Amino acid sequence: MRQLRSSYLPSGGLVIILRVKKLLSKATSLRIILILVLVLFAMLPVIVVCGVIRSAAVSVQMNNLVMDVQNHSLIMSNQLSKGEYFANTDNAVLNSQLVQMANFYNGRAEVIDNTYVIVGDTYVIDKGRYNISELVMKCMSDGTKSFYKRSGWNINIVQPIVSQAEDALSGVLLFSVDAADVEAWNKRVTVIIDIIEIITFIIIAVLSYFVSALLMKPLRKLVGKFKESAKYNVQEDIVVSTYKETRDISDSYNKVLAKLKNLDESRQQFVSNVSHELKTPITSIKILADSLNSQEDVPVELYREFMVDIANEVDRENRIIEDLLSLVRMDKTSNSLNITETKINDLLEALLKQLTPIAAKKNVELILESFRPVVAEVDEMKLTLALSNLVENAIKYNREGGWVKVTLNADHKYFFVKVEDNGIGIPDNEQDKVFDRFYRVDKARSRESGGTGLGLAITQSIVFSHKGDIKLYSKLDEGTTFNVRIPLIYIE
Ligand code: ADP
């Protein structure tokens with residue numbers, strides 16, 4: 001049971017990866033990252049330099065020792081050759097020199113003849129045995145120079161012994177040295193270098209701590225100003241231009257603040273416009289009702305006339321509320337359009353058919369011109385509302401006997417609807433404002449024709465929610481053209 005449970009535990013490496021992931025998933029302090037990076041980059045060269053110094057120091061000591069032993073063993077091999085050691089391996093003088101040399105280096109000397117038999121050994125124990133180690137064989141086959149091999153803190157040096165009489169290799173001198181002094185020296189150097197590294201690390205860490213605090217100061221200042229601005233609702237611009245980045249952040253913040261201010265102002269303006277627009281019909285109703293109430297024996301005709309006016313005002317109030325509601329709905333549900341593939345030619349035909357009686361009443365001619373069949377992904381209901389606002393306006397703000405021309409065209413990406421009229425036109429300085437909510441060029445004329453001042457705002461909102469565009473060209477007393485461009489394929 002226990003084993004089973006432990007097999008589900010992640011391994012050590014995995015645990016570290018999971019912890020690092022968890023740490024990174026949390027918001028990490030930029031200052032800590034800065035300190036780590038500074039320490040890492042400053043420590044890296046220190047560690048490399050210290051490592052190089054340590055290995056260089058050890059290898060110099062080791063090379064000196066090898067050279068020493070090699071010189072010494074060369075002298076010894078010459079003496080062994082001169083003293084014809086292989087003829088008499090019990091030579092007390094040569095054996096005592098061998099022991100002296102071995103003791104001097106705290107090592108062991110072996111004399112091996114050319115049949116690989118150990119004929120002299122300062123440890124005595126291997127005398128008479130064979131030594132066929134790699135190093136000995138190498139020296140025997142070469143016969144002229146010395147070789148050495150290092151394993152850990154142990155050095156083996158072989159020196160050929162050449163018989164002077166026959167000028168032939170008579171054996172080798174194998175010298176094993178324990179480099180205990182070099183090892184001790186290496187330990188001392190390591191301790192000193194470790195201490196230097198630790199002290200350097202502490203100094204670098206402390207310096208990084210202060211340097212990072214200095215580098216982060218402008219950011220802290222920026223955060224402080226943001227907090228102050230949020231707490232006391234400060235409307236002033238924030239400027240921290242120590243770094244390009246802090247300047248960019250404060251610039252962006254100021255832009256957002258300005259937009260929010262504008263939004264707040266336009267919201268207030270909108271609320272006051274709504275109140276005013278809703279109040280106007282109610283005030284009229286109140287005046288009409290009061291004047292009826294204040295008179296005695298009011299004739300039925302007058303009663304009827306006033307009641308018709310009251311009903312008109314109620315209709316007006318209704319229209320404003322409906323337009324307001326569709327505007328609010330557009331704002332709220334701009335992301336949830338009911339997109340379907342729609343034949344735009346059919347949509348326009350039906351729309352114009354529906355508006356024909358109103359146009360006929362005003363003696364305005366309606367013309368539809370389609371250059372090609374167009375199928376597009378749109379919200380049919382909303383697009384109908386947007387385009388009928390444009391055509392209705394073109395009829396409303398037209399002249400007796402005027403015309404309204406609706407043109408449909410498309411390319412590979414967009415379809416274009418042009419609503420053109422030869423009506424009263426819009427003055428140049430008013431053209432930017434007609435898309436604003438409740439904006440009307442001629443309030444009296446708009447009201448007279450049942451306008452609420454919200455039609456173009458609704459149209460623009462619908463076109464934008466289809467990722468399209470709407471443009472207006474107008475000349476006073478000559479006419480107005482609205483150009484609508486909408487993508488054939490709806491872009492999410
Ligand atoms: P309204 O309900 O008053 O028609 P709109 O938002 O539809 O409100 O239009 C805003 C104003 O733009 C209108 O009051 C009118 O003055 C002007 N306008 C809109 N369309 C036309 C047009 N085709 N010709 C002239 N003026 C227009």
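Odds and ends about this structure:
- The mean of 1/r over all pairs of different alpha-carbon atoms in segment 389-434, once inverted, gives a Kirkwood hydrodynamic radius of 12.1 Å.
- Restricting the calculation to Cα atoms, every distinct pair contributes to the Kirkwood radius of segment 261-349, found to be 16.8 Å.
- Percentage, to the nearest whole number, of Cα pairs in segment 174-330 over 26 Å apart: 68
- Taken over segment 82-182, the ratio of Cα radius of gyration to 2.2 N^0.38 Å equals 1.03.
- Cα centroid of segment 129-171 to Cα centroid of segment 266-299, whole Å: 123
- For a label point 7 Å along the Cα-to-beta-carbon line of LYS443, residues of segment 272-293 with backbone N under 17 Å: 272-285
- When VAL484, VAL206 are compared by accessible surface with a 1.4 Å probe, the order from highest to lowest is VAL206, VAL484.
- Evaluated at q = 0.18, 0.26, 0.31 Å⁻¹, the base-10 log of the normalised Debye intensity for segment 248-304, with identical point scatterers placed on the Cα atoms, takes the values -0.74, -0.97, -1.09.
- Site pair GLU301 and LYS127 shows an inter-label distance of 16.0 nm when each label is modelled 7 Å from Cα along Cα→Cβ.
- In this structure the amide hydrogen of LEU488, modeled in the peptide plane, comes within under 5 Å of the amide hydrogens of TYR414, PHE415, none closer than 5 places in sequence on its chain.
- The angle between the Cα long axis of helix 30-82 and the longest principal axis of the Cα atoms of the chain comes to about 20 degrees, rounded to the nearest 10.
- Ratio Rg/Rh [Cα only; Rh per Kirkwood] for segment 161-215: 1.64
- Across LYS227/LYS259; LYS353/LYS418; LYS255/LYS475; LYS413/LYS471, pairs whose alpha-carbon gap is larger than 27 Å: LYS255/LYS475
- Taking every Cα-Cα distance in segment 94-143 and sorting them into 10 Å bins from zero, the calculated P(r) comes out as 27, 48, 25 percent.
- Computed over the chain, the P(r) curve from all C-alpha pair distances, binned at 20 Å from the origin, holds 15, 22, 17, 14, 12, 13, 7, 1, 0 percent per bin.
- Sorting ASP126, ASP178, ASP379, ASP297 by solvent-accessible area of protein heavy atoms yields ASP297, ASP178, ASP126, ASP379, largest first, with a 1.4 Å probe.
- Computed over the chain: relative contact order in percent, which uses C-alpha pairs under 8 Å that are six or more apart: 9
- Per-residue accessible area (protein heavy atoms, 1.4 Å probe) orders LEU472, LEU383 as LEU472, LEU383, starting from the largest.
- Compactness of segment 337-487 as Cα Rg over 2.2 N^0.38 Å, two decimals: 0.99
- Förster radius 60 Å - calculated FRET efficiency between LYS261 and VAL375, Cβ distance, rounded to 0.05: 0.85
The values are calculated or read from the model by the stated rules, or taken from the named source; none is laboratory data. For clarity, every value in this text was computed on a predicted model and none was experimentally measured. Every residue, glycine among them, receives a Cβ derived from its backbone with ideal geometry; neighbour counts consider all protein chains shown. Heads up: the accessible areas ignore ligands, DNA and RNA and are worked out on the full protein's heavy atoms, side chains in. Shrake-Rupley method; radii C 1.70, N 1.55, O 1.52, S 1.80 Å.
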